[in-house]
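The values are calculated or read from the model by the stated rules, or taken from the named source; none is laboratory data. Since the structure is predicted, the reported quantities are computational estimates derived from the model, not experimental observations. Here Cβ is always computed from backbone atoms with ideal geometry, including for glycine, and neighbour counts include all displayed protein chains. Ligands, DNA and RNA are excluded from the accessible area calculation, which covers all protein heavy atoms including side chains. Shrake-Rupley method; radii C 1.70, N 1.55, O 1.52, S 1.80 Å.
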Amino acid sequence: TFSSTEGSFGDLWDDGHDADREVLFRAYANHVYGFEHPTLTEDPLANACALADALPTGARLHVVSHSRGGLIGELLCRGFLPAGKEPFTKEDRVLLDEWDDQKVRMEKLNQLLRKKNIHVERFVRVACPARGTTLASERIDRWLSVVVNLLGKIPAFKASGVYDVLTEFLLAVVKEHTDPKTFPGLAAMMPDAPCVALLNRSDVTTEGDLRVIAGDIEGAGLWGRLKLLFTDWFYGGEHDLVVN
C-alpha cells in the first residue's frame, strides 16, 4: 500500500545483487515484469481485471507478490482450478450480494480468466493481508490518533505544512475508510471485507504451488521490546507493523 514495484523489488538493482538478478532474468528468458496498480482508489478485483486484461492468452506465470499485491495474485490464481470448474461461482456471488460494484468486477474477472486461460503455476506471497489486517479494521482510528499525536510532538515537523496535510488525510481516512466508494482499496483489507471472505473459501483449491513468507517484528533489548508493546496490543498478536 502506497508503494511501487521499485519500492518492493528495487534492491535487485542495487550493487551486489547483479548476479542474483542475472540468474533470475536468465531463467525466464528476460520475461520478468512488474505490475503497477493503485492500492487505495481501486479494490483488488479492479487491479486483477487490469492485470488479466494485459496478459496474453495462455500465459503461464510464476508470481512473487508483496503486501497488498498478494490479494491480486490470489484472485488471479482462480484462473487455474481443476478442469471444468468456473473461476468464480454462485457461492462467491452470494458473498458480494450487497456490493454491486465488486460483483460487476468479479463477473468481468471471471470472463477474462476463462477467456485468457491464465495459469499461475507458482506463487510466492510475501507479507500479504490475505485475512485482512487490523490496520484497516474498525480500530484504525485509535492507531491514527496515536500517530498524529506523536508526530505533533516533533516541533520541526509540526511547524511544516506536511503535518497539516497528513493530519487532514488521516482524519479523512478515519471518517471515510469504511466506505468502499471513498477508499475501496483500504476497505478491501478490512478483516470482515467481502474480498477477504472471497479469498478464504476453504472449499476452493487451485492447481498452483503456493509458498507464504510472513514475518514478526521483534525489538532488540528491553527498550526495543517496550516500544513494541503498543503495536502488539493493537494487533493482538504477531505482526510486521502492517500485516497480522
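So for each of 209-219, 14-24, 109-119 I average, over its residues, the number of other beta carbons within 10 Å; can you give me the resulting order with the highest mean first?
On the way: 209-219: 12.1, 14-24: 10.2, 109-119: 17.8.
The densest-packed peptide leads the list: 109-119, 209-219, 14-24.
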Original post:
Residues of region 15-100: accessible area per residue at 1.4 Å, in Å²?
Top reply: 57 Å²
Subject >> Global geometry of region 25-96, whether rounded, prolate or oblate, following the gyration tensor of its Cα atoms and the 1.5 cut on a/c >> reply: oblate
